[in-house]
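Everything below concerns the one structure shown next.
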Amino acid sequence: MAFYRPARWQKNASLVTLLILLVLPTILTALDQAFYIGFATRMLVFALAATSLNLVLGFGGMVSLGHAAFFGTGAYVAALCLQAGISEGLLVFPLAMGVAGLFALLVGSISLRTRGVYFIMITLAFAQMAYYLFVSAAVLGGDDGLSLGGRVSIAGFSLSGDASLFYVALAALALVMFLFQRLAEARFGRVVQAIRENETRMEALGYPVFRYRLVCFALGGALAGLAGALLANQTGLASPNLLQWVQSGTLLVMVIIGGVGYLYGGVVGAGVLLVLEEGLVGVTEHWHIILGLLLLGIVLFAPKGVAALFARPHD
């Protein structure tokens, strides 16, 4: 696996995509298809969540099956804030990131002392413990989860409309992708990728490997918390299902389909998987079988992910 290198066309393609997304709600409303604004928002949120896992898995080389724990934690923080009367998004979203990031820091400080399959299993164990903790806690709503009863506002502007939440999710994803690219090209990102390639060599050179991996793991958890808070605002519910290992597996599938270690791998993977699901649901009730066959085809004919078909290695 090579180091990340930006492609020449990448900046222009990103700007064109951003411009299209900026006018998408207006176009959908004009076509009387406003329902799809909510679907597009869901795609942006999961693109953000998958990108946060791609930072941990693709750039850090850490195969985590507990990423959903941070995703769900962010959703519950948003729900608790709204129930406590805190509706300012400029406070709620950073708080969700902070709590999820601290949780990831705790999990990472223990999990990163293991390697290989042991790391995978211990992250899965933490996620399952968090799931059963949230389910058993009456103050967190138990099996039913927590209802938000509304959405946050940003500097006095309500996000009750689907279009306004869409633009907030788009702004969050655009900012994260910009920072992600800068991070990958910065010294921190280069060191993390070098650790992924040869941990022993980096230790011999005197780099604090554990500290770099821990910061990368916690940063991915914080970004997953932001995605969870956005999803809770869209659905109006913080459900314990968001913390289940199945959710971690879904995010992992998105990254694998999009391209592990490619800058836009998480974005592409989330888009492909959600569009396939949405398209097949209306065709047959056995859509899971068709989706599985399509995903099998993607893995066989694009083993490095869909993003790899349109880019140089690790663009």
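The values are calculated or read from the model by the stated rules, or taken from the named source; none is laboratory data. It should be emphasised that the depicted structure is a prediction, and the values quoted were computed from it without experimental measurement. Quick reminder, even Gly has a Cβ in these numbers, built from the backbone with ideal geometry, and neighbours come from all protein chains shown. Protein only, heavy atoms only, side chains kept; ligands, DNA and RNA dropped before computing areas. Shrake-Rupley method; radii C 1.70, N 1.55, O 1.52, S 1.80 Å.
Over the chain, the hull volume per residue, using the convex hull of the C-alpha atoms, is 139 Å³. Sorting 69-77, 130-138, 96-104, 240-248 by their mean Cβ neighbour count within 10 Å, with the most densely packed peptide first, gives 69-77, 96-104, 240-248, 130-138. When both segment 189-217 and segment 11-82 are represented by their alpha-carbon centers, they are found 28 Å apart. A simple spin-label model places pseudo-atoms 7 Å from Cα toward Cβ; at I20 and V139 they are separated by 4.7 nm.
Computed on the chain, with alpha-carbon pairs under 8 angstrom and 6+ residues apart, the relative contact order is 34 percent. Sequence-distant contacts, meaning Cα pairs under 8 Å at least 6 residues apart, place the relative contact order of segment 254-315 at 43 percent. FRET efficiency for A204 and A13, Cβ-Cβ distance as r, R0 = 35 Å, nearest 0.05? With a Förster radius of 35 Å, E is 0.35. Quick one, could you list the DSSP H helices from the chain stretching 18 Å or more along their long axis (Cα atoms) with average Kyte-Doolittle hydropathy of 1.0 or above? Going by DSSP H runs, the hits are 10-30, 35-54, 67-83, 89-111, 116-136, 162-185, 209-235, 245-258, 265-281, 287-301. Placing R0 at 45 angstrom, the Cβ-Cβ distance between T29 and V299 gives a FRET efficiency of 0.75 after rounding to 0.05.
Remind me, relative contact order of segment 1-107 in percent, using alpha carbon pairs under 8 angstrom and six or more residues apart? The normalised contact order for segment 1-107 reaches 16 percent. Taking the Cα centre of the chain as reference, the dipole from Cβ charges on Lys and Arg (+1) and Asp and Glu (-1) amounts to some 1200 debye. In the complete set of protein chains, residue-level accessible area for Y262 is approximately 10 Å², probe 1.4 angstrom.
Quote to one decimal, in nm, the extra length available between R113 and R190 on full extension: 0.36 nm per residue of separation minus the C-alpha distance between them.
Length gained between R113 and R190: 25.6 nm.
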